[in-house]
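See structure below.
Since every read-out is calculated from the coordinates, none of them should be taken as a lab result. Here the structure is a predicted model, which is why all the values come from computation and not from measurement. Cβ: placed from backbone, ideal geometry, glycine included. Neighbour counts: every protein chain shown.
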Amino acid sequence: MSNKNNLIVDKTFSFAKRIVKLNKFLLSEKKEYTLSKQIVRSGTSIGANVFEAQNAQSNADFASKMNIALKEATETLYWLMLLYETEYITQNEFKSLETELNDIRNILAAICKTSYNK
């Protein structure tokens, strides 16, 4: 699934797929049920809000959805840091996900800034 015209939709969907795979790993390999539930909720919510914003009723609605996506991305970073610090994921896994997430957060921050200035 790809939306060639919308980078943030593609990036957040791709990230959500990685989070779903991380959730599967945490459940099956690590038998971790609490943190995995939290990260799958916030990590997939980023893209869901971005996707929903594509059909916003107004600029304010669009800006609100994008701001929610940015908040979910920030929450996801918290869960990733916690998973790393409690040794559920390796440094390489953390760094890879963190880099992708920070890219998404930077794009969302720029979109939010632009949206609120309109």
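Before moving on, here are some points about what is shown:
- Residues in the stretch 77-110 that are under 15 Å from Val50 (Cα atoms) and over 15 Å from the mean Cα position of the chain (by Cα): Ala110 alone.
- Evaluating Gln38 against the criteria (1) under 23 Å from Lys113 (Cα atoms); (2) in contact with a helix residue (DSSP H, G or I) (Cβ under 6 Å, 6 or more places away or on another chain); (3) not in a loop (DSSP other than H, G, I, E, B) leaves one unmet condition, (1).
- Glu32 being assigned to a helix (DSSP H, G or I) and either in contact with a helix residue (DSSP H, G or I) (Cβ under 9 Å, 6 or more places away or on another chain) or more than 19 Å from Val9 (Cβ to Cβ) (or both): no
- Flag for Thr99 being out of contact with any helix residue (DSSP H, G or I) (no Cβ under 9 Å at 6 or more places or on another chain) and either closer than 16 Å to Lys11 by Cα or aromatic (Phe, Trp, Tyr) (or both): yes
- Leading residue by the ranking (surrounded by the most Cβ atoms within 10 Å (Cβ to Cβ)) among those in the stretch 28-49 that are within 11 Å of Ala73 (Cα to Cα) and aliphatic (A, V, I, L, M): Ile46
- Matching residues in the stretch 49-92 - criterion: being among the acidic types (Asp, Glu), touching a residue at least 12 places away in the same chain (Cβ under 8 Å) and out of contact with any Lys or Arg (no Cβ under 6 Å at 6 or more places or on another chain): Glu72, Glu75
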